[in-house]
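A quick write-up on the structure given underneath.
The values are calculated or read from the model by the stated rules, or taken from the named source; none is laboratory data. Because the structure is predicted, anything quoted here is derived from the model rather than measured. FYI the Cβ positions are ideal-geometry reconstructions off the backbone, even for glycines, and counts take in every protein chain you see.
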Amino acid sequence: MKKLALHWKIIIGLFLGIIWAILSGFFGWSEFTTNWLAPWGRIFINLLKLIAIPLVLFSIIGGIVGLGDPKHLGRMGIRTLVLYLSTTVIAVSLGLLIVNVAKPGTWMDETVRKENRIAYELWAQQEGEEVHDDINMLADPVNSELIAEVAKRRGFDEDENVQSRLKQVESQKDSGPLTFIEDMVPDNVFKAMTDNGSMLKVIFFALSFGIALLFVPNDKAQPVIAVVNGLSEVFLKMVDLIMKGAPFFVFALMAGIVSEMAGDNPVKIFELFKGLTWYSLSVLGGLLLMAFVIYPTVMKVFVKRLSFKGFLKGISPAQMLAFSTSSSAATLPVTLECVEENLEVDPKVSSFVLPIGATVNMDGTSLYQAVAVIFLAQMHMIELDLAQQLTIILTATLASIGSAAIPSAGLVMLMIVLSSVGLNPAWIGIILPVDRILDMVRTVVNVTGDATVATVIGEVSAGENGEVGVFND
Ligand code: ASP
């Protein structure tokens, strides 16, 4: 029998995991699943994360040194940033378009929306936030009873989960305009490497180390380069080995996640989804458009040698992993491998472009943030004007750059986007129930976006060197 390709095995693991979780809900096995299966999923994520930091470090340094000439680096750096920014802005705009046309937030009971609106006006009054549209329900005496009732009954911020996330974001809200640059420069590289979520600091260190190495005389630089390249190889080999177990690990991961969402009542998942169906469908629609229309178009324009089907086939193990881990950082080692080996992108390009992309380029996240903010505004009967929608494009772009490449990071950053247009950040509590599922899909788009940009840059650079698309060492 022909050996089954790895991505098929992973897909099978993924589905078996979901089926297991549903069965375990029916037969009351959730305790077994939580105690004996879920830990393997977490071990898998840990193993991948274990490799991610050193791999980012050595592959960026190796990538820069491989370019050999600071001029090449500058050109590639600019291309990378321009492409990453463009795809992100396209994603946010697409999100805004979909949510403004589909209006998922208006598909609910009018009285509920009215109550929401009153709750919003009460909150704005309490926080001293300006209300931009001219609906003023608090001023209308007809509503007085409802206002009293809503004032008594409402308050999303009682949710513990939301409270802890609010605290997380509080520190970021007070920051000045240059704080994000300040935060990028580590004062201690070893601390940066041990601190979860400070990948930008590691990237900064790797970039400076690599650039400095370019200027060191050849005889001194060579041994360092050899060590860096050798270490990269070792880490890539570790990915290879871990991936052999991926089908089982993904099974355990999915079984754990789905059973955690559903407990011993699998019908609950569908119930959670029901109230937020239109919102979820809008996000999913946008994400699918990104994956199946926008990226293929970009590929068609820039990369002739690869069909989109070929591209998807090459990148699918990374996509499966993004889906099951919800983390671009954990997926990075596999993304690198897929892009280099299956899509035959020059490792000098991918090892520079992909680690930066995993942290900085999150098209799926930015699209979701745009849809979520407008959806939440719609369900509170709030009309956002053009200036506010433009603010959303800007903050969602920045927030997606600032989001760590880990599960739910986009949800935390969504609070900043909500605050930027004067809305209540505690509203993330409303969409929290479906967030994990959407997180899985947006992470797939994040990773696909990185791979698209890396392939395009690989193609353009290879074309310049007179060789089309393949390794040029
Ligand atoms: N989980 C996403 C990622 O790692 C980030 C997010 O949107 O929460 O790419």
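See the values below:
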item	result
Selection count where residues are touching a residue at least 12 places away in the same chain (Cβ under 8 Å) and out of contact with any Phe, Trp or Tyr (no Cβ under 6 Å at 6 or more places or on another chain), scope the range 216-247	13
Residues of the range 374-390 classified as in contact (Cβ under 8 Å) with a residue 40 or more places away in the chain and in a helix (DSSP H, G or I), total	8
Evaluation of Ser403 against (1) farther than 16 Å from Asp435 by Cβ; (2) of a type in the set (Ser, Thr, Tyr); (3) within 14 Å of the ligand (Cβ to nearest atom) (one fails), failing number	(1)
Criterion: of a type in the set (Ser, Thr, Tyr), buried (at least 21 other Cβ atoms within 10 Å of the Cβ) and farther than 18 Å from Val417 by Cα - qualifying residue of Thr80, Thr88	Thr80
Hey, Gly95 surrounded by fewer than 19 Cβ atoms within 10 Å (Cβ to Cβ) and either touching a Phe, Trp or Tyr at 6+ places or on another chain (Cβ under 9 Å) or not β-branched (Val, Ile, Thr) (or both) or not	no
Unmet requirement for Asn472, which otherwise passes all of (1) crowded, with 22+ Cβ neighbours inside 10 Å; (2) over 19 Å from Ser366 (Cβ atoms); (3) modelled with pLDDT under 85	(1)
Set Ile53, Ile61, Ile45: member being among the β-branched types (Val, Ile, Thr), under 24 Å from Thr331 (Cα atoms), assigned to a helix (DSSP H, G or I) and in contact with a Phe, Trp or Tyr (Cβ under 8 Å, 6 or more places away or on another chain)	Ile61
Any hit, the range 391-398, residues being more than 15 Å from the ligand (Cβ to nearest atom), crowded, with 21+ Cβ neighbours inside 10 Å and either over 12 Å from the mean Cα position of the chain (by Cα) or assigned to a helix (DSSP H, G or I) (or both)	yes
Pairs, first under 17 Å from Thr325 (Cα atoms) in the range 26-54, second of a type in the set (Val, Ile, Thr) and not in a helix (DSSP H, G or I), C-beta under 9 Å, six or more apart	Lys49/Ile406
Selection within the range 131-171 - closer than 24 Å to Ile431 by Cα, surrounded by fewer than 14 Cβ atoms within 10 Å (Cβ to Cβ) and either touching a Phe, Trp or Tyr at 6+ places or on another chain (Cβ under 8 Å) or modelled with pLDDT of 75 or more (or both)	Asp133
Answer residue from the range 421-439, given it is charged (D, E, K, R) and buried (at least 21 other Cβ atoms within 10 Å of the Cβ) and is farthest from Met379 (Cα to Cα) among those	Asp439
Residue within the range 191-199 that is modelled with pLDDT of 85 or more and in a helix (DSSP H, G or I) present	yes
From Thr359, Thr365, residue being within 13 Å of the ligand (Cβ to nearest atom), modelled with pLDDT under 85 and crowded, with 21+ Cβ neighbours inside 10 Å	Thr359
Residue in the range 419-433 that is in a helix (DSSP H, G or I), within 15 Å of the ligand (Cβ to nearest atom) and of a type outside the set (A, V, I, L, M) present	no
Of all residues making up the range 343-354, the number that are among the hydroxyl-bearing types (Ser, Thr, Tyr) and modelled with pLDDT of 90 or more	1
Options Glu383, Glu340: the member that is surrounded by fewer than 24 Cβ atoms within 10 Å (Cβ to Cβ), away from the ligand (no atom under 11 Å from the Cβ), among the acidic types (Asp, Glu) and at pLDDT 90 or above	Glu340
The range 314-329, subset of a type outside the set (S, T, N, Q) and modelled with pLDDT of 90 or more, residue nearest to the ligand (Cβ to nearest atom)	Ala322
Matching entry among Val345, Val339, Val371 (being outside any helix (DSSP H, G or I) and of a type in the set (A, V, I, L, M, F, W, C))	Val345
